[in-house]
């Protein structure tokens, strides 16, 4: 792993900033007022009825942006636009076209892309299943994706909004996994634990909580595995 050369910051619901020595990478940047109501280190540029536009303070412009699907807590043009610079590359499934227009490269499950000499991306499925614990089956197969990002020797998995799906059983050598646990639009804590045990990452970070307690997830996981589980706090930098 890139010890001392990587840090992670989480914002709700599934917005992740990865910083390496040379790159700034975002997953699912989307500013929603409700998600940041108690977070003070922010700037709001507009408010409803205009498109709600804000950012946590101190965010750098992106080298890469990866968006998992079209829902507004994951895919929001006014947010991603504020993180763009001239050479930013943005990737998203075609379901995001209505929101983002033509400003991104379309990806689908099965795609493998070399982004530069040290960074590559594998795109995999993310969806709700009939038997999964999600109570709202809003994520149909083919509409959303998850990403496996390789940076040098480091492998990072962002699951997107999903239940426990068969393709997770094929994942190998994952260093860091971002796994949703909310139970409404994604798998719940118990199902997320089963998925994590199968993925077997070195580190797991629960996201997309929707009111569920990520500490409970980590506690229950610790009784079944030695996987390092980190509870993210909004805006807190996790150094690895």
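The values are calculated or read from the model by the stated rules, or taken from the named source; none is laboratory data. Owing to the predicted nature of the structure, the values given are computational and were not obtained by experimental measurement. Don't worry about glycine lacking a Cβ; one is built from the backbone with ideal geometry, like all the others, and counts go over all protein chains shown.
Among the candidates 101, 132, single out the residue that is more than 17 Å from residue 155 (Cβ to Cβ) and exposed (fewer than 14 other Cβ atoms within 10 Å of the Cβ).
None of the other options fit; the residue is 101.
Can you tell me which residue within region 214-238, out of those that are within 17 Å of the chain's Cα centre (by Cα) and in a loop (DSSP other than H, G, I, E, B), is nearest to residue 174 (Cα to Cα)?
Restricting attention to region 214-238, the residues satisfying the condition of being within 17 Å of the chain's Cα centre (by Cα) are 214, 229-238.
Subsequent filtering for residues that are in a loop (DSSP other than H, G, I, E, B) retains 230-236.
Details: 230: 15, 231: 18, 232: 19, 233: 22, 234: 23, 235: 24, 236: 23 Å.
Checked region 214-238; the qualifying residue nearest to residue 174 (Cα to Cα) is 230.
Could you grab me the full set of residues in region 184-205 that are touching a helix residue (DSSP H, G or I) at 6+ places or on another chain (Cβ under 6 Å) and either within 24 Å of residue 58 (Cβ to Cβ) or part of a loop (DSSP other than H, G, I, E, B) (or both)?
None - no residue of region 184-205 is touching a helix residue (DSSP H, G or I) at 6+ places or on another chain (Cβ under 6 Å) and either within 24 Å of residue 58 (Cβ to Cβ) or part of a loop (DSSP other than H, G, I, E, B) (or both), so the list stays empty.
List the number of the failed condition for residue 86; all other conditions in (1) touching a helix residue (DSSP H, G or I) at 6+ places or on another chain (Cβ under 8 Å); (2) free of Cβ contacts under 8 Å to residues at least 60 places away in the same chain hold.
Only one criterion in (1) touching a helix residue (DSSP H, G or I) at 6+ places or on another chain (Cβ under 8 Å); (2) free of Cβ contacts under 8 Å to residues at least 60 places away in the same chain is unmet by residue 86, namely (1).
Restricting to region 63-78, name every residue that is surrounded by 17 or more Cβ atoms within 10 Å (Cβ to Cβ) and under 15 Å from the mean Cα position of the chain (by Cα).
Of everything in region 63-78, those that are surrounded by 17 or more Cβ atoms within 10 Å (Cβ to Cβ) and under 15 Å from the mean Cα position of the chain (by Cα) turn out to be 64, 65, 66, 67, 68, 69, 70, 71, 73, 74, 75, 76.
Condition check: surrounded by 21 or more Cβ atoms within 10 Å (Cβ to Cβ), under 20 Å from the mean Cα position of the chain (by Cα), touching a residue at least 12 places away in the same chain (Cβ under 8 Å) and within 24 Å of residue 151 (Cβ to Cβ). Does residue 28 satisfy that? Break it down into steps so the answer makes sense when it comes.
Values: surrounded by 21 or more Cβ atoms within 10 Å (Cβ to Cβ): yes; under 20 Å from the mean Cα position of the chain (by Cα): yes; touching a residue at least 12 places away in the same chain (Cβ under 8 Å): yes; within 24 Å of residue 151 (Cβ to Cβ): yes.
So residue 28 passes the test.
From the set of residues in region 206-240 that are in contact with a strand residue (DSSP E or B) (Cβ under 8 Å, 6 or more places away or on another chain) and more than 23 Å from residue 56 (Cβ to Cβ), which is surrounded by the most Cβ atoms within 10 Å (Cβ to Cβ)?
Of everything passing the filter in region 206-240, 217 is surrounded by the most Cβ atoms within 10 Å (Cβ to Cβ).
Could you run through region 135-152 and say how many residues are under 19 Å from residue 205 (Cα atoms) and either at pLDDT below 95 or over 14 Å from the mean Cα position of the chain (by Cα) (or both)? Step through it out loud before you land on a result.
Let us first name the residues in region 135-152 that are under 19 Å from residue 205 (Cα atoms), namely 145-151.
Among the residues that remain, those that are also either at pLDDT below 95 or over 14 Å from the mean Cα position of the chain (by Cα) (or both) are: 150-151.
Going through region 135-152 one residue at a time, the tally reaches 2.
Condition first: assigned to a helix (DSSP H, G or I) and either touching a helix residue (DSSP H, G or I) at 6+ places or on another chain (Cβ under 8 Å) or crowded, with 16+ Cβ neighbours inside 10 Å (or both). Now tell me which residues in region 89-98 satisfy that.
Of everything in region 89-98, those that are assigned to a helix (DSSP H, G or I) and either touching a helix residue (DSSP H, G or I) at 6+ places or on another chain (Cβ under 8 Å) or crowded, with 16+ Cβ neighbours inside 10 Å (or both) turn out to be 95, 96.
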